[in-house]
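The values are calculated or read from the model by the stated rules, or taken from the named source; none is laboratory data. Predicted, not measured: the structure shown is a model, and the values here were computed from it. Every residue, glycine as well, gets a Cβ built from its backbone with ideal geometry; the counts of neighbours run over all protein chains shown. Quick note on the areas: whole protein, heavy atoms, side chains included, nothing else; ligands and nucleic acids left out. Shrake-Rupley method; radii C 1.70, N 1.55, O 1.52, S 1.80 Å.
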Amino acid sequence: MGFSGLPRKAQVYLVGIILSGLAAAWAVTFISWPGSKASNLEILAFLLIAVVLGGKKITLFRHIGNDDAVSMSLGFVITFAGMLRFGPVGAFSLGALSCLSGCLYPKRQPTYQLLFNVSLSALEAFMGSIVYLLINGWTLEMRPVETFIAVVLATLVYFAVNTGGVSFIIGLCSDQNPAKVWKETFLWTAPSYLAGACVSGLSMMQFDNNTAYIFLFIAPVAYLTYQSYSVYTSRTEEKIRHVEEMSSRQEQLADLYLATIKSLALAIDAKDQYTHQHILRVQRYAVAIAKQMGLTGGDLEAVNTGALLHDIGKLGVPEYVLLKPGRLTDDEFAKIKQHPEIGAAILDPVEFPWPVLPVVKYHHEKWDGTGYPEGLKGEDIPLTARIMAVADVYDALTSTRSYRTAWPHEKAAEVINKDAGSHFDPMVVQAFNEVIVQVIEEMLSEGNGPLADRTLVSKPTTDPSSEAAKVISRTSSELWALYEVAQTLSTSLGLDDTLDILARKLETVFTGVSCLFLLLDENQERLEVRTAVGPNHEFFRHGKTIGIQSRSLKVAASEQTFVGEYDPDDLMFSSQATSHWTELQSSLIVPISYLGRVLGTINMYHATPNAFTDHDRQTVETIAERAAMALYNGIQFDLTKSQDRLDPLTGVFNMAHLTLAIEERCRTLRNFAILCLDIENFKAINENFGQQKGDQVLKDIAGVLRQGIGEKDVLARYGIDQFIILLDNVDSRFIQEATSQLQAAIADHDADLLHFSLGKLQLWANAGTAIYPSEGDDMAALMAVADTRLHESKAESRLRSMSRSRKRKDVA
């Protein structure tokens, strides 16, 4: 890292030290200082020894890397001796030269480091010598009392400037507290500075004019100091390396431990088609909440590991209970409630380094004490389990399950917040609210989580463990699919319901796949898309095969499955989709036939080449075989149902169907209205034109009414000459407008009723209405209100007719 790579504050500080060193150099050059008795030869000897000792360094601390270490040089001993012998000029020169020697050998430091170190060494020696002179009476003469105090204080200043200056630059560069760096790295070296200073002071006092004796006295002390520090620091570094290696091994073992748990948990999780990848999502939510709440160390690892294992006890719950699409019985729910204790029992022999078992055992406890297995309440529930409870329920709500589809994030979050204080710890819910949006947005960027578009094609994975889990998931999919199909066959009779349920079951088995059910049309000439789910489903709806060369038609006719490339010329789309079209490359088309009769095909498409395996083909073929009877029954049921509920003359619904439609709307509290229309003087038509003509008029009126109502409205014939219309989502104003429009449409219809004496007859219908629930809460009440208004309308019509007759007589 060069000078430009240093933090701004460190750059400013470094330049400041260098400038201070230059200021000290100016001071020793141009200011007069107390004289020294030393000869030039003695000065030269000190300088040479300073150069030699400057290269003898002891590494104290490596704060960034092996090339960026803090060290202590033996040069401080000779520098301090020179400070006492020569004053500020000698101290400055010895400090700078000794440090320069260490910066150039054995490895040259970068220029900015060299300038900083040399400036700091010269500055500390200069400042120490100034303090020495001030205390010692501004003289270099040795005086027992004053000199001792001066030596001690000068040593403290030297030590403070030296170690403090280095600690400060380390703190600025590594974003650490300089005081902490100084305390941990340099404080323990203070005795060596005091010992060296005292030896230097004593030698000066004892051998004032004999330099050789001074060196002989100082040399053993310097050598012993160097040797002891070298041994100490080398052993310390060895211990640090050993601790680091042990810590690294422990981290590796912990990672291996967690990876093993994750792989096994994913393998178990892959067996469940609905909760696949559930544990990874719960882990992500739970860890984010735990970090937000300040959990660290073992508690955080307990959440991290417990999330992977929290449902391991479901190994002891029968699959028919786990996969049941409907409401569980009391006995079945009792089996579900056992899984936390079963999981804790399974994991009990494992000596986890973190408190994992409480997470597994108590994650279904509730804040108000109504949870299981022990009914713990409030803070008696371990915090890690309270965190897991929120994460687990949130993922359950935002995931598709056998009994419902996934909820959007907003709805799930609303439930979590509503249950704060009853089901969940309010503090955990608060932390959940603070982190969940960021977490699911991160998951969205990866194509996962509640905000991800579940209709998009999933990205292929290259992770071997994920691929293995995918294999396990697909291996169990056939058994699951057969179970789900069996459930569908036993609960659904209507064709559309059967198709929709089967398509959505397949969508959950084959994620990211377009799934279509095509059936033969009425003329048995084309295949029509009856239901479509997954990518591009909006385009596929109402699609039909193109010509007799259509691949799907060939599969149906030959009853041979096709696996290969997607054919864009197979189907013709008629819907106006607004969504983005996903390019498709693979197709799997499986025929559906029953008792030798071709019913249609199951078409599956994927965006990647060669997406479908032999296992996929076998699975879909098995589903097609099991579903064929249900589809055949659905076709026959719908045909029979339509025949039983249609009026044979007009082709509109009869009263049996209308009754069921009204009862269904009353049960679901849907707003609707009924409109009764009675053809005026219809009996006269039969009498004057014959019953055959009367039947034709009824057929024509039925056609007029069909064109005047919406697709979801229900038109039924009531009695001989009455029709009843069920209109959804209407108010009094709308029903009045609809009545007037339909009456006008009937009046405008030319029924070709020309009588030799009466002339051309015009049709007219009287009307009576009733709105649910304001004017009746069941069919009988509604019909009574509508019938009353119908009779009132007839009476008004007769009065108008009588009035017109009187006017004609008066005119005559």
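Quick rundown of the values:
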| item | result |
| --- | --- |
| Residues that are of a type outside the set (Gly, Ala, Ser), under 26 Å from Phe126 (Cα atoms) and touching a residue at least 40 places away in the same chain (Cβ under 8 Å), drawn from the stretch 4-18 | Lys9, Tyr13, Leu14, Ile17, Ile18 |
| Pair list, Cβ < 6 Å and 6+ apart or interchain, from the stretch 291-319 residues that are polar (S, T, N, Q) to residues that are open to solvent by less than 60 Å² (accessible area, probe 1.4 Å) and not in a helix (DSSP H, G or I) | Thr305/Val356 |
| Some residue of the stretch 500-509 being within 25 Å of Gly371 (Cα to Cα), open to solvent by 20 Å² or more (accessible area, probe 1.4 Å) and at pLDDT 70 or above | no |
| Selected residue (criterion: nearest to Leu315 (Cα to Cα)) from residues of the stretch 329-371 that are open to solvent by 70 Å² or more (accessible area, probe 1.4 Å) and polar (S, T, N, Q) | Gln338 |
| Condition check for Leu726: within 21 Å of Met783 (Cα to Cα), open to solvent by less than 20 Å² (accessible area, probe 1.4 Å) and either among the acidic types (Asp, Glu) or in contact with a strand residue (DSSP E or B) (Cβ under 9 Å, 6 or more places away or on another chain) (or both) | yes |
| Condition met for Val390 (touching a Phe, Trp or Tyr at 6+ places or on another chain (Cβ under 9 Å), closer than 30 Å to Met443 by Cβ and modelled with pLDDT of 90 or more) | yes |
| Near pairs, Cβ below 7 angstrom, 6+ apart or cross-chain, from the stretch 663-687 (farther than 18 Å from Leu742 by Cα) to any residue that is open to solvent by 60 Å² or more (accessible area, probe 1.4 Å) and part of a strand (DSSP E or B) | none |
| Options Ala611, Ala627; residue that is in a helix (DSSP H, G or I) and either surrounded by 14 or more Cβ atoms within 10 Å (Cβ to Cβ) or not aliphatic (A, V, I, L, M) (or both) | Ala627 |
| Hits in the stretch 173-190 (condition: of a type in the set (A, V, I, L, M) and open to solvent by less than 40 Å² (accessible area, probe 1.4 Å)) | Val181, Ala190 |
| Meets criteria (out of contact with any Cys (no Cβ under 9 Å at 6 or more places or on another chain) and either at pLDDT 80 or above or open to solvent by less than 10 Å² (accessible area, probe 1.4 Å) (or both)) for Gln618 | yes |
| Filter pass, Gly137 being open to solvent by 30 Å² or more (accessible area, probe 1.4 Å), in contact with a helix residue (DSSP H, G or I) (Cβ under 7 Å, 6 or more places away or on another chain) and at positive phi | yes |
| Failed criterion for Arg808 (all others in (1) modelled with pLDDT of 85 or more; (2) open to solvent by 80 Å² or more (accessible area, probe 1.4 Å); (3) assigned to a helix (DSSP H, G or I); (4) farther than 21 Å from Ile685 by Cα hold) | (1) |
| Members of the stretch 594-607 that are surrounded by fewer than 14 Cβ atoms within 10 Å (Cβ to Cβ) and either assigned to a loop (DSSP other than H, G, I, E, B) or modelled with pLDDT of 90 or more (or both) | Leu595, Gly596 |
| Tally, over the stretch 91-129, of residues that are under 19 Å from Ile43 (Cα atoms) and either of a type in the set (A, V, I, L, M, F, W, C) or not in a helix (DSSP H, G or I) (or both) | 10 |
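Rundown of residues vs (1) at pLDDT below 90; (2) among the polar types (S, T, N, Q); (3) open to solvent by 70 Å² or more (accessible area, probe 1.4 Å); (4) out of contact with any Pro (no Cβ under 6 Å at 6 or more places or on another chain), yes/no style:
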position: Ile381; (1), (2), (3), (4): no, no, no, yes
position: Tyr394; (1), (2), (3), (4): no, no, no, yes
position: Lys411; (1), (2), (3), (4): no, no, yes, yes
position: Lys418; (1), (2), (3), (4): no, no, yes, yes
position: Pro460; (1), (2), (3), (4): yes, no, yes, yes
